1. At 222 nm, what value in deg cm²/dmol follows for the chain if DSSP H runs of at least 4 each add -39500 (n - 2.57) and the sum is divided by all its residues, to the nearest 500?
2. How far is helix 98-107 tilted, in degrees, relative to the longest principal axis of the Cα atoms in the chain, given as a value from 0 to 90 rounded to the nearest 10?
3. Quick check: the angle from helix 147-156's long axis to the longest principal axis of the chain, C-alpha only, nearest 10 degrees?
4. Between (1) 27, 20, 17; (2) 55, 21, 15; (3) 41, 23, 16, which entry matches semi-axes √(5λ) of the Cα gyration tensor in Å as derived from the coordinates of this structure?
5. Estimate the FRET efficiency between residue 199 and residue 20 by the formula 1/(1 + (r/R0)^6), using the beta-carbon distance for r and 25 Å for R0, to the nearest 0.05.
6. Roughly how tilted is helix 128-138, in degrees to the nearest 10 and between 0 and 90, from the longest Cα axis of the chain?
7. Using a 7 Å offset from Cα along Cα-Cβ at residue 228, what residues in the range 102-118 end up with backbone N under 15 Å from the label point?
8. Residues in the range 11-51, backbone N under 19 Å from the label point at residue 1 (7 Å along the Cα-to-beta-carbon vector): list them, ranges by number please.
Amino acid sequence: MITGIVVALVEELSTLTTKRLKKGDIDFLTDNIWVVYSGAGSENARVAAEALIKRGVSQLISWGCAAALDASLQAGDLVLAVSYVDAGQERYGLENKDWVNKVETHFSKQLSVRSGTLAESKCIIESSLDKAKLAISTGAIALDMESVAIAKVAKLHRIDFLAVRAIADPITMDLPKAVSYAIDENGEVMLSKLLYYLLLHPGDLPGLIRLGLYFHSAKNTLKRVANEIDVVVNFKSLTLSTT
């Protein structure tokens with residue numbers, strides 16, 4: 001069984017591999033675990049997932065960070081999705097939730113883990129007000145830009161799917177405007193543009209520092225899961241024992 005992991009951002013990718021990949025590149029973590037750097041957004045994620053399918057993967061994972069839509073979720077909490085809501089408000093459920101249940105049971109011994117509905121966003125959601133509105137309209141506990149697209153590919157090809165997402169910004173946080181200003185087409189922050197924006201808007205600095213700390217917590221969670229990636233991908237052999 002070959003597992004394909006789709007990762008949107010370079011910083012998220014760094015929790016799995018030290019290699020510097022270009023958009024669309026595949027790294028072989030092991031013979032049976034492959035990771036592709038997709039770039040941000042649903043279309044990039046869909047293309048990357050389809051490329052992995054063509055290469056012969058038999059299950060897919062969406063890996064990275066997410067924004068909280070539930071007030072109880074804090075930065076660094078691990079979110080596993082059991083259902084999805086796309087940007088058009090169409091809902092999808094996992095046909096096989098066994099993978100989610102077993103991974104949740106395993107990591108709940110060491111991390112704060114929640115399972116629930118994951119929503120799709122077509123862009124970065126900056127304001128806490130907009131996140132609160134999405135929470136009400138979708139019933140989701142978190143959102144990202146790629147997982148639903150990857151889930152749809154998995155459903156189309158009738159293979160198992162898992163979303164592994166760590167919370168990077170709580171629902172109450174308004175993202176600094178500098179983030180949207182400095183982001184490129186792949187969802188990466190361009191340092192030169194970020195510094196230029198901060199020069200003109202120094203009041204954004206505290207928010208950026210706070211976001212950096214939150215993102216660091218999310219990355220630490222992903223690294224802890226990555227340390228047991230063999231356990232994650234071999235879900236069919238996991239037990240639900242609490243010993």
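1. -11000 deg cm²/dmol
2. Here the helix axis deviates by roughly 60 degrees.
3. Between helix and principal axis, roughly 30 degrees.
4. The listed entry that was calculated here is (1).
5. E(calc), rounded to 0.05, equals 0.30.
6. Compared with the principal axis, the helix lies near 30 degrees.
7. 102-114
8. 29-36
Laboratory data are not the source of any read-out in this text; all were calculated from the coordinates shown. Since the model is a prediction, treat every value here as computed from it, not as a measurement. Please note: Cβ atoms are built from the backbone with ideal geometry, for glycine as well, and neighbour counts cover all protein chains shown.
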